[in-house]
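S.K.: My structure is below; once you've seen it, I'll send some questions.
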Amino acid sequence: MRELKFDTVTVRYGHGRQALNAVEAVTLAVPAGHVVGLVGESGSGKSTLARAAVGLAPVTTGQILLDGEPLPRRFRAGSRRPLQMVFQDPYSSLNPRMTIGESIAEAIPRFGAASRPAEVTRLLDLVDIDPARASALPAQLSGGQRQRVALARALAGQPDLIIADEVTSALDVSVQGAVLNLIRDLQRRLRLSMLFISHDLAVVRYMSDLIAVMHLGRIVEYGPAEDVLTDPQHPYTRELLASAPHRGAVRLREEDLDPARRAVSDTDPPDPHQPPSGCSFHLRCPVGPAVLTGRDICREIDPTEVAKQRRHHAACHFGAEHPSSASTAT
Ligand SMILES: Nc1ncnc2c1ncn2[C@@H]1O[C@H](COP(=O)(O)OP(=O)(O)O)[C@@H](O)[C@H]1O
Ligand SMILES: [Mg+2]
């Protein structure tokens with residue numbers, strides 16, 4: 001159990017007019033043994049934040065800490081990995097020419113306790129795959145099974161922390177629930193800390209102890225999952241919730257996972273190369289200056305700082321204020 005902390009992390013891509021801050025001054029903690037769900041529409045910077053933690057995206061400013069210590073950029077070959085990432089597409093993390101047993105064995109630290117074959121068996125068991133299939137190639141497995149193998153490979157490194165980025169997004173709806181259940185179960189049993197990323201609020205709701213909401217590279221709301229879901233403080237969070245079916249439902253149902261039922265927003269996100277002044281959400285905000293008078297502050301002042309004084313750390317000048325008449329007046 002260890003704590004991961006992003007401390008005012010900015011990730012900048014490109015140069016000149018093409019430059020964009022995919023992640024902008026993000027401060028976010030994943031407390032030891034907890035699952036933090038990170039949600040936000042496509043392009044909001046979730047993957048970039050995750051990739052920065054494992055050295056796959058450049059940290060322009062700020063730092064990423066594990067129990068207060070800067071994360072090493074590299075680990076020695078054959079050593080334990082405190083932090084492991086699982087990706088959306090298990091093909092990208094599994095070598096198609098290696099058997100799944102070989103792929104897992106390769107990730108086992110050199111100075112581990114058990115023998116390698118015994119450890120491969122244990123890991124396959126852990127993710128509910130028959131160890132007799134260790135000699136299968138990834139192509140011989142279903143998408144769900146491949147994702148289980150990717151998880152076993154991540155666990156082989158004996159991590160304290162897992163970053164799971166859209167791990168069920170590429171899977172058939174029919175197997176998503178089982179994979180999510182497995183991940184949640186392993187997280188509890190192995191007391192892992194986890195950053196669980198999805199564009200899908202229904203999935204994040206199911207998995208998380210805490211929820212962080214990301215919009216245009218910034219965390220706009222963060223708090224205990226229950227609080228964020230039942231009493232959202234940021235208009236963007238409320239939009240995400242309104243477009244997810246079965247508000248307040250705790251149990252995940254198959255229809256919750258059907259993307260056809262969920263359009264996140266009617267308006268496109270702003271151009272990340274030219275982010276709006278002030279609040280990055282103000283152009284789309286149903287209670288912002290495009291709709292209501294007296295809200296010039298939203299165009300002028302970035303609300304990131306006010307988040308510290310707001311419930312659930314909501315980066316909104318008007319916090320909990322959400323007149324339902326205003327949101328229907330658009
Ligand atoms: N390697 C890269 N070079 C330039 N821009 C990138 C790169 N990776 C991501 N981006 C841009 O950064 C923003 C955030 O992308 P990403 O982190 O993938 O978002 P998400 O995972 O939330 O969908 C997007 O505008 C995307 O186009
Ligand atoms: Mg992504």
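S.K.: Highest first, please rank the peptides 8-15, 101-108 by the mean number of other Cβ atoms sitting within 10 Å of their residues.
M.R.: 101-108, 8-15
S.K.: Sticking with this structure for a sec: Check every DSSP H run in the chain and write down those whose alpha carbon atoms cover 18 angstrom or more along the long axis and whose mean Kyte-Doolittle hydropathy is -1.0 or greater.
M.R.: 143-156, 173-189
S.K.: Right, next: Please give the contour-minus-distance gain from Ala290 to Gln63: 0.36 nm per residue of separation, less the Cα-Cα distance, rounded to one decimal in nm.
M.R.: Residue separation times 0.36 nm, minus the Cα-Cα distance, leaves 78.2 nm.
S.K.: Kindly work out what percent of the DSSP beta bridges joining two residues of the chain are antiparallel, to the nearest 5.
M.R.: Given both bridge residues lie in the chain, the antiparallel proportion sits at roughly 55 percent.
S.K.: If packing is taken as the average count of other Cβ atoms within 10 Å, what order do 37-47, 22-32, 124-134, 139-149 fall into, highest mean first?
M.R.: Per-residue mean Cβ counts within 10 Å order the peptides as 37-47, 22-32, 139-149, 124-134.
S.K.: Would you work out which of Thr60, Ser280, Leu71 lies farthest towards the positive end of the dipole of the chain? Charges go on Cβ: Lys and Arg +1, Asp and Glu -1.
M.R.: Leu71
S.K.: How much length would be gained if the chain were fully extended between Ser92 and Asp128, taking 0.36 nm per residue of separation minus their Cα-Cα distance, in nm to one decimal? Kindly include the intermediate steps, with their values, before the conclusion.
M.R.: Details: separation 36, 0.36 × 36 = 12.96 nm, distance 2.12 nm.
Residue separation times 0.36 nm, minus the Cα-Cα distance, leaves 10.8 nm.
S.K.: Viscosity 0.890 mPa s, temperature 25 °C: what is the translational diffusion coefficient of the chain from Stokes-Einstein with a Kirkwood Rh over Cα pairs, rounded to a whole number of µm²/s? Display every interim value, and only then the final one.
M.R.: Values: Rh = 20.8 Å.
Calculated translational D: 118 µm²/s.
S.K.: About the Cα centre, and with charges only on the beta carbon of Lys, Arg (+1) and Asp, Glu (-1), how big is the dipole of the chain? Nearest 20 debye, please.
M.R.: 940 debye
S.K.: Only Lys, Arg, Asp and Glu count, each charged at its Cβ (+1, +1, -1, -1), so figure out the dipole size of the range 29-171 about its Cα centre, rounded to 20 debye.
M.R.: 460 debye
S.K.: So if each residue of separation counts as 0.36 nm, and I subtract the Cα-Cα distance between Thr27 and Tyr13, what length gain in nm does that give?
M.R.: Additional length available on full extension: 3.2 nm.
Any read-out appearing in this document is the output of simple, stated calculations on the displayed coordinates, not a laboratory observation. Fair warning: this is a prediction, and the values are worked out from it, not measured in the lab. All Cβ positions, even for glycine, are placed from backbone atoms using ideal geometry, and neighbour counts span all protein chains on display.
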